[in-house]
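Below is one structure, written out as structure tokens; the observations come after it.
The values are calculated or read from the model by the stated rules, or taken from the named source; none is laboratory data. Predicted model, so just to flag it, every value in this text is computed and none were measured. Accessible surface areas use protein heavy atoms only, side chains included; no ligands, DNA or RNA. Shrake-Rupley method; radii C 1.70, N 1.55, O 1.52, S 1.80 Å.
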Amino acid sequence: MKKFANLAAGLVLTAALAVSVTACTPTKNNPAQAAAQSAHDHDHEPSTTPDGAAVETVDGAEEKKNMVVTEDPAVTVCVYSMKDDHSGLKQNMDTIDGEELDAQKLIDKMAELGVLEKDIKVNSFEDKDGVLTLDLSSLEKKDDRLLLLAISNTFVQNYDAKTLKLKVDGKEVGEMEFVKKWKEISADQLK
């Protein structure tokens, strides 16, 4: 019986501690308590600048003003390329520098990944109601249907478009759509 009484007393004490800790924790339901806790934390942990000097802040405004971004902005892109044995396509996730998608940077990324030859320039690029028109300065293998599929899938997917009209130095090469079953396509099927 004595063990039962000690166990019951321990449970009551544990419950009382849990209630007291919960009552002291700021919650969304008690804005005054949360504000007081925030002011208390703010008074006891002053903000500092990189050189260690204390800074007075109001709602973090000073921190935001002095915030330093350490990374350059980048856009994640999906680039389609040929498998090493040229038997089909593979998908690569990478980034291009900048805050928004850029056709020349996407072409440069394709060259970096070995899909296209280097130094290809975008003569013009237009996105009109989901129809992309891309005019490249050159393209050595414009008869390689697997390469054309890699270019079209890359541009149509990244620009969330319907089709890509591809031109090389002003001459139309073709109009292509995104091929959803790109994993199943082989170079032999495209001949």
Worksheet, complete the sentence: Counting all Cα-Cα pairs in the range 108-153, those more than 13 Å apart amount in percent to 60 percent
Worksheet item: residue 116's amide H: which non-local residues (gap 5+, or another chain) put their own amide H closer than 5 Å, with H modeled 1.01 Å from N in plane and none for Pro or chain starts?
Response: 111
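In square angstrom, what is the accessible area per residue of the range 77-191 with a 1.4 angstrom probe? Kindly include the intermediate steps, with their values, before the conclusion.
Values: 6620 Å² over 115 residues.
Heavy-atom SASA per residue in the range 77-191 reads 58 Å².
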Worksheet item: Along the range 151-161, what does the Karplus equation 6.51 cos²θ - 1.76 cosθ + 1.60 (θ = phi - 60°) give for ³J(HN,Hα), rounded to whole Hz, x for Gly and Pro?
Response: 5, 5, 4, 4, 6, 4, 5, 5, 9, 6, 10
Fill in: All-pairs alpha carbon distance profile, the range 132-191, 5 Å steps from 0, percent
4, 19, 30, 25, 16, 5, 0
Practice prompt. Enumerate the calculated ³J(HN,Hα) couplings along the range 91-98 in order (Karplus 6.51 cos²θ - 1.76 cosθ + 1.60, θ = phi - 60°), each rounded to whole Hz, writing x wherever the residue is Gly or Pro.
Written response: 10, 10, 9, 8, 10, 10, 5, x
Fill in: Under-5 Å amide H pairs with residue 139, H placed in peptide plane, nonlocal only
none
